[in-house]
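Peer 1: Supplied in structure tokens, the structure appears directly below.
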Amino acid sequence: MTHSEPLLEIHDLHAGIDGTPILKGVDLTVMPGEVHAIMGPNGSGKSTLAQVLAGREEYAVTGGTVRYRGEDLLEMEPEIRAREGVFLAFQYPVEIPGVSNTYFLKAALNAIRKHRGEKELDAVAFLNLIKAKMKLVKMDESLVKRTLNEGFSGGEKKRNEIFHMAVLEPRLAILDETDSGLDIDALRVVADGVNALRAPDRGFVVITHYQRLLEYIVPDVVHVLVDGRIVRSGGKELALELEAQGYGWAEDQSADALAAPGRERTTA
Amino acid sequence: MTTAPVDLKHTAPFVADWTALDGQLNGAQPGFVKALRRAGIERFQALGFPTPRQEAWRLTNVAPIAGTAFHRPAAAPAGIGPEDIRPYVYDGCARLVFLDGHFAPALSDMAGLPAGVTASSLADAIRAQPALVEAHLARHAGLDHPFVALNTAFVRDGAFVHVPRGTVVETPILVLFATTAAAAPTVTYPRLLVVAEAASQATVIEAYAGLAERAYLTCPVTEVVVGAGAVVDHYKVQKESVAAYHVATQQIHQDRDSTFDSHAVLTGGGLVRNDVRTVLDGEGGHCTLNGLYVVTGAQHVDNQMLVEHARPHCTSFELYKGILDGRSRSVFNGRIHVHPGAQKTDAVQANRNLILSAHAIAHSNPQLEIFADDVRCTHGSTVGELDDDAVFYLRSRGIGADAARSILTYAFASDIVDRIKVPAVRTDLAAFLFDRLPRGEVVREAV
Ligand SMILES: Nc1ncnc2c1ncn2[C@@H]1O[C@H](COP(=O)(O)OP(=O)(O)O)[C@@H](O)[C@H]1O
Ligand SMILES: [Mg+2]
């Protein structure tokens, strides 16, 4: 793969649920190595975008295209996307009683490795791997051994998502408000996890409500999503501007959103 | 409506069979057994087979049983060896094996039980310890249930387990009732009597197996008498042929401070009915009734639970879970009866059903009858499908759709699996689930 080929290329994406449009023409290009932040008011469609990218079938894609490393992402089943390297850290991770966090992760990792033609990890190799990753995201051993997200606090769930990401080593990681509800220590852990994974062939889409996270994960581009459209894009200073002024101006702009270029930046 | 004529009750072939057996036995049994058998057939004849017009049988129609001409095998079949029963026995257990209702000493092994403990065929026990058997046999399972009456009418052999006062039996005792491959539909009336005297302890595994996929009727009655302070761990593993009828009653009587823990694993049978009844008849008693039914195709499984809190300060815990696929049906009726004066009763009951197919139906009905005022009784019943959010979450991590559904199905059952204390039984159930569920090899790795 050459550096000129985008990791993710979303063009005029329209999606909705039960006939109600939510995404109304999203354009977004992520190049390998880049971190993109998406900000926007509640209900603007951030999670919908994340879920559509991960393959949630409840949302109907009614227009546009999404290419991932040159392939039609929308054609792929959710598990194929994951095996191809797409990872979504859920805004609300699901509690799954009866499924062990560790064993489940081993099955997931091995499904991914098998897909890539790599050897499946045996129990010992896997244990060594997760020990290293636990350290990376400062995961408590007791959490790792527990049932998947069951009885985890909000912060523990988010941290567990980052732990999964660290183990699965995706090519494109989408973090949906992973920072919401975290104290500063947990926030640092999440940011450290992302920063440790930053690599020239990896990309991140970080959905956040707060500029604060972007002090730790410095984005290449910040986008503002309002009412299903990206109404502004810019450098990291845009996040500061949003924090200071709120989304009021952006919401005003959304009325004539066509005037707001989805991609006004140029990528090197 | 006038009383139905006797022949409409379909009892005639059974009465004729009883008469033949009675002539054949011709005084071979002690008087008390003969009297029990006579009382059984008379009661059965009077009651007839139940119909869906009777509340307790509203959702389970036994007309196919009443309408089948069953043949009672006269002897154990020849040519059944240890390999044939291997899938149904557990390592590390003493065992009593019955083939087509007849004790099979060559397949049984009672070595390793402590001195004083009896685990034998009921026929042997009736000969060797008639007074002990007479004191307990048919004292608990009442003849008002037509299938209990029918079983009692044919009491001849079965299994008898007696643990003397204060004795602890570490080795689980497996009692296997297997039906082999006869051409015509056969009927067996397995009888199991377990007497655990005061302060004793034992584990009994009651297992049913169909060695061929044929239609037959198994009509068992189990009585367990748990003495003061005694602890009985009980398992029922039902792996009948999916063409078979299995209509069973399990009647438990608990003395003060006793513990009865039961786990039922119900995967076989075409038409299955289990009446599970416990009487907590001494202060401080506790019973656990857990169960898992896993059915598919046209299987029908009906569990009728009755926990009677007859004395104060007793606790009961019931958790039955069901996994239904295909066009299967389940019925769960959870009756808890708290007698007047049974204060400080603590009864918890739950029935949870997971429906995997649009054509499967689970009926669930809690029934609380509380005649004391200082009690805690909770119940819950659910019928639901797999959680889409959970399926998507697993898939988003790279797990395939089938495997994700199977992992969640296994997870649903896992608390029942995990509570099984005998490792061989637990492993056997897990293996069954891995085998039954699509992409079970991924499930095995993921749980
Ligand atoms: N599963 C759903 N069912 C119904 N409406 C939904 C669903 N998901 C999202 N929506 C609606 O779509 C809009 C965008 O939601 P969402 O993508 O969650 O926004 P954000 O993540 O930006 O807060 C909201 O109005 C929300 O109510
Ligand atoms: Mg959201």
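Peer 1: Is there a quick way to get the dipole size of chain B? I mean about its Cα centre, with the Cβ of Lys and Arg at +1 and of Asp and Glu at -1; what is the value in debye to the nearest 20?
Peer 2: Charge dipole of chain B: 600 debye, to the nearest 20.
Peer 1: With unit charges on the beta carbons (Lys and Arg positive, Asp and Glu negative) and the dipole taken about the Cα centre of the protein assembly as shown, which residue among A:PRO170, B:ALA138, A:MET39 sits farthest to the positive side?
Peer 2: Projecting each Cα onto the dipole axis, the largest value belongs to B:ALA138.
Peer 1: While we're on this one: Quick one: order B:MET110, A:MET134 from most to least accessible surface, probe 1.4 Å.
Peer 2: B:MET110, A:MET134
Peer 1: Looking at region B:259-316, what % of its DSSP beta bridges pair antiparallel, to the nearest 5?
Peer 2: Percent antiparallel among DSSP bridges in region B:259-316 is about 0.
Peer 1: Obtain the radius of gyration and the Kirkwood radius of the protein assembly as shown from its C-alpha atoms and give Rg over Rh.
Peer 2: Checking Rg against Rh, the ratio lands at 1.10.
Peer 1: Using alpha carbons only, what's the Rg to Rh ratio of region B:386-447 with Rh from Kirkwood?
Peer 2: My calculation puts Rg/Rh at 1.00.
Peer 1: Run the reach check for B:LYS34 against aspartates and glutamates, Cα to Cα strictly under 18 Å, same-chain hits fewer than 8 apart removed. What comes back?
Peer 2: In chain and number order, the partners are B:ASP17, B:ASP22, B:GLU42, B:ASP124, B:GLU134, B:ASP157.
Peer 1: Express in Å², to the nearest 10, the accessible area of A:GLU150 obtained by rolling a 1.4 Å probe over the protein heavy atoms while all chains stay in place.
Peer 2: 80
Peer 1: Also, quick follow-up: Return the percentage of antiparallel bridges among DSSP beta bridges fully within chain B, rounded to the nearest 5 %.
Peer 2: 5
Peer 1: In the protein assembly as shown, with Lys and Arg counted as +1 and Asp and Glu as -1 at Cβ, which of these residues, B:THR296, B:ALA125, B:GLY31, has the Cα nearest the positive end of the dipole, that is, farthest along it?
Peer 2: Going by the charge dipole, the pick is B:GLY31.
Peer 1: Hey, another quick one. Determine the relative contact order of chain B: mean sequence separation of Cα pairs under 8 Å and six or more apart, normalised by residue count, in whole percent.
Peer 2: It comes to 9 percent, rounded to a whole number.
Peer 1: Also: Would you rank B:GLU42, A:GLU169, A:GLU34 by solvent-accessible area, highest first, keeping every protein chain in place and using a 1.4 Å probe?
Peer 2: Ranked list, largest accessible area first: B:GLU42, A:GLU169, A:GLU34.
Peer 1: Here is a further query. Check B:THR203: other-chain or 5+ apart residues with amide H under 5 Å from its amide H, H built from backbone geometry?
Peer 2: The answer is B:ILE173, B:ASP233.
Peer 1: A further question follows. What number comes out for the charge environment of B:LEU368, summing +1 per Lys or Arg and -1 per Asp or Glu over other residues with Cβ under 14 Å away?
Peer 2: Value of the local net charge: -3.
Peer 1: Quick one: ranking B:ASP109, B:ASP144, B:ASP233 by accessible area, 1.4 Å probe, largest first, what do you get?
Peer 2: B:ASP144, B:ASP109, B:ASP233
Peer 1: Which whole-angstrom value gives the distance between the alpha carbon centres of region A:152-189 and region B:90-133?
Peer 2: The two parts, judged by their Cα centres, are 59 Å apart.
Peer 1: Right, here's the next one. Counting pairs of alpha carbon atoms under 8 Å apart in space and at least six apart in sequence, what relative contact order in percent does region A:53-170 give?
Peer 2: Value for region A:53-170: 32 percent.
Peer 1: For a quick check of understanding: with a 1.4 angstrom probe and all protein chains in place, what accessible area in square angstrom does B:ASP325 have, to the nearest ten?
Peer 2: Per-residue accessible area (B:ASP325): approximately 60 Å².
Peer 1: Something else: Among the lysines, which fall within straight-line cross-link reach of B:LYS321, defined as a Cα-Cα distance under 21 Å, with same-chain neighbours fewer than 8 residues apart omitted?
Peer 2: Of all the lysines, those that pass the test against B:LYS321 - Cα under 21 Å, at least 8 places apart if same chain - are B:LYS236, B:LYS239, B:LYS421.
Peer 1: Using alpha carbon coordinates only, what is the Rg to Rh ratio of region B:234-352, with Rh defined as the Kirkwood radius?
Peer 2: Radius of gyration over Kirkwood radius for region B:234-352 works out to 1.03.
Peer 1: Would you kindly derive the ³J(HN,Hα) couplings of region B:214-230 from the backbone phi angles with the Karplus curve 6.51 cos²θ - 1.76 cosθ + 1.60 (θ = phi - 60°), listing them in order in whole Hz, with x for Gly and Pro?
Peer 2: In residue order, the calculated couplings are 10, 7, 7, 10, 10, 10, x, 10, 10, 10, 10, 10, 10, x, 4, x, 7 Hz.
Peer 1: Calculate how many DSSP beta bridges within the protein assembly as shown are antiparallel, expressed in % of all such bridges and rounded to the nearest 5.
Peer 2: 15
Peer 1: Dipole of the protein assembly as shown, Cα-centred, from +1 at each Lys and Arg C-beta and -1 at each Asp and Glu C-beta, to the nearest 20 debye?
Peer 2: Rounded to the nearest 20 debye, it is 1560 debye.
Peer 1: Hey, what did chain A get for relative contact order, percent, Cα under 8 Å, at least 6 apart?
Peer 2: Reported as a whole number, the value is 25 percent.
Peer 1: Scan around A:SER100 for amide H atoms under 5 Å from its own, H built in the peptide plane at 1.01 Å from N, and keep only partners 5 or more places away or cross-chain.
Peer 2: So A:SER100 has HN proximity to A:LEU148.
Peer 1: With point charges of +1 on the Cβ of Lys and Arg and -1 on the Cβ of Asp and Glu, referenced to the Cα centre of region A:8-267, which listed residue (A:LEU182, A:SER142, A:LEU73) lies farthest in the positive direction of the dipole?
Peer 2: Value computed over the given set: A:SER142.
Peer 1: Could you list log10 I(q)/I(0) for chain B at q = 0.10, 0.12, 0.13, 0.14 Å⁻¹, which the Debye formula gives when each Cα is one point scatterer?
Peer 2: Result of the Debye calculation: -0.71, -1.04, -1.23, -1.43.
Peer 1: Here is a follow-up. Over 21 Å between C-alpha atoms is what I'm after, so list which of A:LYS46/A:LYS236; A:LYS24/A:LYS158; A:LYS46/A:LYS138; A:LYS106/A:LYS157; A:LYS119/A:LYS145; A:LYS133/A:LYS158 land there.
Peer 2: A:LYS24/A:LYS158; A:LYS46/A:LYS138; A:LYS119/A:LYS145
Peer 1: Would you tell me the accessible area of A:LEU73, worked out with a 1.4 angstrom probe on the heavy atoms of the protein chains, in Å² to the nearest 10?
Peer 2: My reading of the accessible area for A:LEU73 is about 0 Å².
Peer 1: How large is the charge dipole for chain A, taken about the Cα centre, if only the Cβ atoms of Lys, Arg (+1) and Asp, Glu (-1) carry charge, to the nearest 20 debye?
Peer 2: 940
Peer 1: Ignoring everything except DSSP H segments at least 4 long, calculate the 222 nm mean residue ellipticity for the protein assembly as shown; use -39,500 (n - 2.57) per segment, divide by total residues, nearest 500.
Peer 2: One gets -8500 deg cm²/dmol as the mean residue ellipticity at 222 nm.
The values are calculated or read from the model by the stated rules, or taken from the named source; none is laboratory data. This is a predicted model, so every value here is computed, not measured. Glycine gets a Cβ as well: all are built from the backbone with ideal geometry, and neighbour counts include every protein chain shown. Side chains are part of the model used for accessible areas, which takes the heavy atoms of the whole protein and leaves out ligands, DNA and RNA. Shrake-Rupley method; radii C 1.70, N 1.55, O 1.52, S 1.80 Å.
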